[in-house]
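A.B. asks: One structure coming up, written as structure tokens, with questions to follow.
The values are calculated or read from the model by the stated rules, or taken from the named source; none is laboratory data. Just so we're clear, the structure is a prediction, and the values are computed from it rather than from any experiment. Don't worry about glycine lacking a Cβ; one is built from the backbone with ideal geometry, like all the others, and counts go over all protein chains shown. Protein only, heavy atoms only, side chains kept; ligands, DNA and RNA dropped before computing areas. Shrake-Rupley method; radii C 1.70, N 1.55, O 1.52, S 1.80 Å.
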Amino acid sequence: MSLLSIKDLKVSFKTRRGDVDAVRGVSLEVAKGEVLGIVGESGSGKSVTSYALMRLLESNGRITGGALTYGGIDLRTVRESTMRDLRGREISMIFQNPRAALNPIRKVGHQIEDVLRRHAKATRSNARSEAIKALEAVRIRDAEARYNAYPFELSGGMCQRIVIALALACDPKLLIADEPTTGLDITTQKAVMDLIAELITERGMSAMVITHDLGLAAQYCGRIAVMKDGEVVEEGDAERLFAAPRHAYTRKLVDATPRAGASVRSLLPVDLRSPAPVLTPSEAPLLDVRDLVKTYQGKSGPVHAVKGISFTVKKGQSVGLVGESGCGKSTTSSILVRLADPTSGEILFNGEDLAKTPAKAFARDTRRSRIQMVFQDATDSFNPRHTARHSIGEPLARLTGLSGTHRRARIEELADLVGLPRPLLDRFPHQLSGGQKARVGIARAIAVDPDFLILDEPTAALDVSIQAIVLNLLVDLRARLGISYLFVSHDLHVVRLLCDHVIVMRDGEIVEEGPADKLMEMPAHPYTQELLAAAPAPPVLAEPASSAAE
Amino acid sequence: MSDLAASTPKTDGALAHVVYVLRSNPVTLLAFSMFAVLLVAAILGPVLVPYDPLASNAALALQPPSFDHWFGTDNLGRDVFSRVIVAARLDLAISVAAVALSFLIGSVLGSIAGYWGGWLDAVLNRLFDTIMAFPLFVLAMGIVAALGNTVENIVYATAVINIPFYARLVRAEVNIRRDSGFAQAAKLAGNSDVRVLALHIFPNALPPMMVQVSLNLGWAILNAAGLSFIGLGVRPPTAEWGIMVAEGANFIVSGEWWLAIFPGFALMFAVFTFNLLGDGLRDIVDPRQRS
């Protein structure tokens, strides 16, 4: 008998536009000791399914049909007080954003004690030692000291460990991990996932791992269910799913997952794979960065964000800047795009030193239109009060002086160029999907025909299938417009798809740089090797289709 | 599963959005209806009323409410109903002018403090703290007494004591958006700091400001009426709710309750309206409420 069984679950949400069915007839089984992966893109209903079985749906959500059984208990009808006993003790959950899941003004040790005492796993006298044991269980070094830490004093990876400790404190039999590593660095992701996997085996728990990353699911789950639009479209062994996906959507997801050996076109569904443009960057340097230094005045002494880096971007070249959070890549890109001033160093752009013009004055500089940027967070980078048309038109109005019908025509031309349907131009950002916002962001950045475009993780928040489309769009645009890219990312596999040359940064310094293929195949620096090893490795595909597409 | 599905949902127009906000929340609809009543009284009051609000008639002094005089007459025989209606214009004008003034000044000062920070922020904040350290009504009394006993000075006094509330709110709203992606994108589009602040960041502070404005309007009416009640600002025989309550208060003990009660109700009605109005106004100016 399975530990958890979900039969024909239906969940719907009341919204302003009527009822929306988020989950429409999902049936899943989790056996004792099994790890089930639920994979799907945003809006597929994967998180809603897990919230429904914990009975933690938002107030406008309702289970409209089906059965939820956990170890013989009907989770749909059981009393709320029983449910409270089950949560944490029997079924536990690891949340997406560890920082949001922790109470910011309570010491983490106390938060663990709360759970232990709620479920009578500890008394007042031994709560502290039990909490420390729970911290040690998730391999936190110096647990005694960490017991007294507040969440803001801990790194993202450390916070996620605390959340795991909280979830496992009462020895639950079923663990639900909802995107447990989103927002974590790739090496941290590996450490956290390894830890979860280890603890699951050690304690013989069952688990449901919910993720958008097929590669991650394949590596850590025995069985995978692929969800789309509130339904399970395919279910099966991780390896079988990769080797021979039966459903077209699974095929599309498998294709779109960046992996070793894939080309940017092979991420797309087979019927969309036109030959990739051949790009030959010229040898003439466009941007020459010399000994760039940025030092902030922090609370506890100076912070050296960038420690004297030098590199060159040639005309028409695409350079990848890779590193984990805090490595200085974002600081570097905001200096290069002239939103911040360096402490020292030169930024030679077509031979002129841009660092001589302060960032404050650069907005009205004639060279402003030469360097543009696509922002990481598509939601945050649009004024919520402006329509897409207004956002794309803003640089045109300010930097080119185009007005009236000319500007209108150019905006529509740009929308066509990035594949955004024209009717969407009159929508506000919150009315657009992630992929649509990414397109608007790209259209805005290329509106004034820049020579140099900085792409700051433009696909980090996107679903893989949308990411595949956006990456291909960027490749095509570069071929068509001859723009040079600086592609900033944490993901080497994505960078390799788009870049000729890769720079790896750590702690404000360049540790390694070189041609993309060479660097990926023979990484010289241990840190590069570590980054490559940490990326989830989906089973290698026997893929006849990819060679045909090249 | 295309990201390009352009069919649903359709974008609402501005008017459709207002209709939606009014329909979805009956309280907002009620508030807007009450506000419409106030507006009609303020704009058309003198035309609508049955009697001249200033015409005295000693023969009809202190008549209780009747069919001819709905709210009765006062000690000089003036029709209380006409006076209450006509007073709406003056009371609304004072509060709207005062709130507009403090909104304007508060927004400018708050935006500067929130965007540039540093010593400007520190100096402005201490200034606002100083103003707020006074009992505000007493400060308003002081200002009117010092500047002179006129309607304009009531407006200035009410505005000054309200500035810190707006400035602080705007400062916080501007500050959290100072380094946001869209502010940076606006700079990349060639906007100077002042333009980024005025055209991109500040408009995003409007939704919470609307709540403040509406609550403040009610409060400003009370403040103006309060000043008149103690004899500052508006002078008899001008019809004004505060003065009417003050004059009527003398007659309550002798049983002529209608002199003070009806202008008091008018005051309550106005303040209640503005307090209810806030949420609806916020939903209307917030584009994110549209779908």
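A.B. asks: For every helix of n ≥ 4 consecutive DSSP H residues, a contribution of -39,500 (n - 2.57) applies; sum these over chain A, divide by its total residues, and give [θ] at 222 nm rounded to the nearest 500 deg cm²/dmol.
C.D. replies: Value at 222 nm, helices only: -10000 deg cm²/dmol.
A.B. asks: Which FRET efficiency value, to the nearest 0.05, do you get for A:Ser81 and A:Lys299 by plugging their Cβ-Cβ distance into 1/(1 + (r/R0)^6) with R0 = 56 Å?
C.D. replies: Efficiency computed from Cβ-Cβ geometry: 0.75.
A.B. asks: What full-extension length gain, to one decimal in nm, is calculated for A:Arg364 and A:Glu153 as 0.36 nm per residue of separation minus the Cα-Cα distance?
C.D. replies: In short, 71.9 nm is gained.
A.B. asks: What FRET efficiency do you get for A:Arg408 and A:Asp171 if R0 is 60 Å and r is their Cβ-Cβ distance, rounded to the nearest 0.05?
C.D. replies: Using R0 = 60 Å, I get an efficiency of 0.40.
A.B. asks: Run the reach check for A:Lys46 against aspartates and glutamates, Cα to Cα strictly under 12 Å, same-chain hits fewer than 8 apart removed. What comes back?
C.D. replies: Candidates past the 8-residue exclusion: A:Asp178, A:Glu179, A:Asp229, A:Glu231.
A.B. asks: Given the whole protein assembly as supplied and a 1.4 Å probe, what does the accessible area of A:Cys499 come to in Å², nearest 10?
C.D. replies: 10
A.B. asks: Spin-label point model (7 Å from Cα, Cβ direction): what's the B:Val40 to B:Val123 distance in nm?
C.D. replies: The answer from the label model is 5.1 nm.
A.B. asks: Continuing with this model, one more query. Cα to Cα, under 14 Å, and not fewer than 8 places away if on the same chain: which aspartates and glutamates meet these conditions relative to A:Lys518?
C.D. replies: Filter leaves A:Asp500.
A.B. asks: To continue, here is another question. Given the rule -39500 (n - 2.57) for each run of at least 4 DSSP H residues, summed and divided by the residues of chain B, what is its mean residue ellipticity at 222 nm, to the nearest 500 deg cm²/dmol?
C.D. replies: Helix contribution divided over all residues of chain B: -23500 deg cm²/dmol.
A.B. asks: Largest first, what is the accessible-area ranking of A:Phe242, A:Phe152, B:Phe32, B:Phe265 with a 1.4 Å probe?
C.D. replies: Highest to lowest solvent-accessible surface, that is A:Phe152, B:Phe265, B:Phe32, A:Phe242.
A.B. asks: Same structure again: Excluding residues on the same chain fewer than 8 positions from A:Lys107, give the aspartates and glutamates whose Cα lies under 19 Å from its Cα.
C.D. replies: The reachable aspartates and glutamates, counting only those whose Cα sits under 19 Å from A:Lys107, are A:Glu130, A:Glu136, A:Asp142, A:Glu144, A:Glu153.
A.B. asks: Taking 0.36 nm per residue of sequence separation and subtracting the Cα-Cα distance, how much length would be gained by fully extending the chain between B:Asn75 and B:Val253, in nm to one decimal?
C.D. replies: 62.7 nm
A.B. asks: A further question follows. What ranking of A:Phe452, B:Phe262 comes out by heavy-atom accessible area, probe 1.4 Å, highest first?
C.D. replies: B:Phe262, A:Phe452
A.B. asks: Based on the Cβ-Cβ distance of A:His525 and B:Arg288, what FRET efficiency does E = 1/(1 + (r/R0)^6) give at R0 = 41 Å, to the nearest 0.05?
C.D. replies: Efficiency at R0 = 41 Å is approximately 0.35.
A.B. asks: Right, something else. Starting from the Cα of A:Glu352, step 7 Å along the direction of its Cβ; do the same at B:Asn57; then give the gap between the two resulting points in nm.
C.D. replies: Each label point lies 7 Å from its Cα, and together they span 8.3 nm.
A.B. asks: Any of A:Lys10/A:Lys173; A:Lys228/A:Lys252; A:Lys329/A:Lys360 with alpha carbons more than 18 Å apart? Name them for me.
C.D. replies: A:Lys10/A:Lys173; A:Lys329/A:Lys360
A.B. asks: At what distance in nm do the modelled label points of B:Arg235 and A:Ser2 sit from each other, each positioned 7 Å from its Cα along Cα→Cβ?
C.D. replies: 8.8
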